[in-house]
Amino acid sequence: MPNYPLETKLTDVKDYLNGVESIRYIAKKYSWSKTMLHRWVSKYQHHGTDAFQEPYTDYTIEFIMAVLNYMNEMGASSKKLLHSIMFRQLAAFGGGSI
C-alpha cells in the first residue's frame, strides 16, 4: 500500500471530523478506499497525530548489533532466537518449558 504524506492524512481526517467533507467524497476525490479513510479516522481519534508517525524502536545500536552477532555466531534464525529468549524469560520466572 502506498505511503501518504502526514499532511494529507491529517487534512482529510480533520475535514471529515469537522464535517467539511464526507468519507465517500474524500475517497472518490482521491480514488482511495473508504475503509482506509475510516482506519485513518479511527487511528487519529485514538492516538492523535502520533497515529501517523513512522514506527520506531528504542533499541540501541549496540543491542541490535549484539543480537545480529548472536544470530550469526549461533546460526540462529529469528524464530530460534525468539524461542531462546522466551525460554530464558520463563526460566527466570520459575516457569517450565515452552
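Only the coordinates and a few stated rules stand behind these numbers; no lab work does. Not measured: the values here are computed from a predicted model.
Listing for the model above:
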item: Vicinal HN-Hα couplings computed from phi for the stretch 80-85 (Karplus, 6.51 cos²θ - 1.76 cosθ + 1.60; Hz; Gly/Pro x); result: 5, 4, 4, 4, 5, 5
item: Per-residue HN-Hα couplings for the stretch 13-25 [Karplus 6.51, -1.76, 1.60; θ = phi - 60°; Hz; x = Gly/Pro]; result: 5, 5, 4, 5, 5, 8, x, 6, 9, 8, 4, 4, 5
